[in-house]
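Data block below; observations after.
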Amino acid sequence: MSMAITWEAELFVRAFQLGIILMIIYDCLRIFRMILPHNIVFISIEDFIYWIFNGFAVFRLLYSENDGVIRGFALAALFGGMLLYCWLVSPFILGLIKKLIKLLQKALKSFTISFKKH
């Protein structure tokens, strides 16, 4: 395999991995919102900061790996990693976290009820 093809394959894999990492970070933000609900203003600010961070992360990847040249296959890999994680992994993790939060809320509620009785 030629050096150019190897380099492009490595860029593809790194972009795909970055897409997954960026969605993991967004899931952490979603979990934070489940634990501590807040209004649309703060959600908008969080999302804005998240997307600015994403822009810098993608720029850093393209700058360090490709001298800043935007390559279609790298962007496709980035979005592919994001979509794959979002469709396959995220629903499972968020569902599990929701169940865990509800379980903890029930336990806390029963603890406070029993604490008030004594």
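The values are calculated or read from the model by the stated rules, or taken from the named source; none is laboratory data. None of the values given here were measured: they were computed from a predicted structure. Glycine gets a Cβ as well: all are built from the backbone with ideal geometry, and neighbour counts include every protein chain shown.
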Exercise for review: Scan segment 91-107 and report the pairs whose first residue is touching a residue at least 12 places away in the same chain (Cβ under 8 Å) and whose second residue is surrounded by 10 or more Cβ atoms within 10 Å (Cβ to Cβ) and basic (Lys, Arg), with Cβ atoms within less than 7 Å and a gap of 6+ or a chain change.
Suggested key: 94/30
**Study point:** All positions within segment 1-22 that are loosely packed, with under 12 Cβ neighbours inside 10 Å and either farther than 23 Å from residue 85 by Cβ or in contact with a helix residue (DSSP H, G or I) (Cβ under 6 Å, 6 or more places away or on another chain) (or both)
**Key:** 1, 2, 3, 4, 5, 6
Point to revise | Members of segment 37-65 that are in contact with an Asp or Glu (Cβ under 9 Å, 6 or more places away or on another chain) and within 12 Å of residue 11 (Cβ to Cβ) | key: 65
Check your understanding: Would you pick out the residues in segment 64-82 that are more than 17 Å from residue 6 (Cα to Cα), at pLDDT below 90 and not hydrophobic (A, V, I, L, M, F, W, C)?
Key -> 68
